[in-house]
Amino acid sequence: MEKIPTAKIIEFRRKKTDSSKLTLVNNLKKPREKKENSDGGNYWTTSISSISQYYKEDGQDIILDKIDDLLGRHDLANAKISKIMYQRNIEILHNFEDFDFDSFRPSSKITYISKPVDKSVINISGVPIQVRPQHVYTYEENNIKKIGAIWFIAKKDGFETAEIGIFTEALFEYLEINHSKEYEIDPNYCIALDVTNLIDVRQDQIFEGSVPSLLNSSVEAIKKLL
């Protein structure tokens, strides 16, 4: 098994029976074509990539232009499945027409850093988990070098708050494994944001207990079936 996308952990938790959970795990063991990514696959790429660009460049026109682009694609599409996909991405983008990202990043000057693919798979309890945030950035506060990250996720009908927390915890582990020797991780800016329903979870919420910690127990349950 090369990796388990974080979204698959939520899919595993949603399975009702032990047999369906085992089937999912067995399917994860099989080699697969690289056609999906951790934010839920190419289905949401057009909206999430635009939101990611908007976060970084703070230009509302990015969202408006992409909505116009997708409206055109929707009108030209012949297949019903394509029309539905474009419409769902458009609906997500409408959520961000007037969205304020100021509270989702520190006020200090930030520097975006690379996210090498070879560092995207981290070891949690011996299980390879794939973590693919949109942005990882560094900044300085009170002469302390800090690091934060944001991960935009999407799913039809959205995720529950506790499920979003699994993405947040995985993101924190990613930062811990790859960057904690150089930077202090800011739990307030370790964020997973569900762009479908605009619910976000920060690592400090998990530390405080207002959002349950489910990542390790979920990974352990998967591990037992490997």
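The values are calculated or read from the model by the stated rules, or taken from the named source; none is laboratory data. This structure is a prediction, so every number in the text was calculated from the model and none was measured. Virtual Cβ from ideal backbone geometry, glycine too; neighbours counted across all protein chains shown. Heavy atoms of the whole protein, side chains included, go into the accessibility calculation; ligands, DNA and RNA do not. Shrake-Rupley method; radii C 1.70, N 1.55, O 1.52, S 1.80 Å.
Using alpha carbons only, how many angstrom separate the centre of segment 184-226 from the centre of segment 42-108?
Spelled out, the Cα-based centre of one part sits 24 Å from the other.
Test of understanding: extend the Cα→C-beta vector of Lys15 to 7 Å, then name every residue of segment 163-180 with backbone N under 20 Å from that spot.
Correct set: 163-164, 166-167.
What trypsin sites (Lys or Arg not before Pro) in segment 61-146 are in a loop by DSSP, with at most 12 other Cβ atoms within 10 Å of the Cβ?
Lys109
Expressed as a whole percentage, what fraction of the accessible surface of the chain belongs to carbon and sulfur atoms when a 1.4 Å probe is rolled over the protein heavy atoms?
Here carbon and sulfur together make up 46 percent of the probe-accessible area.
Please give the per residue accessible area of segment 70-226, computed with a probe of 1.4 Å over protein heavy atoms only, in Å².
That works out to 48 Å² per residue.
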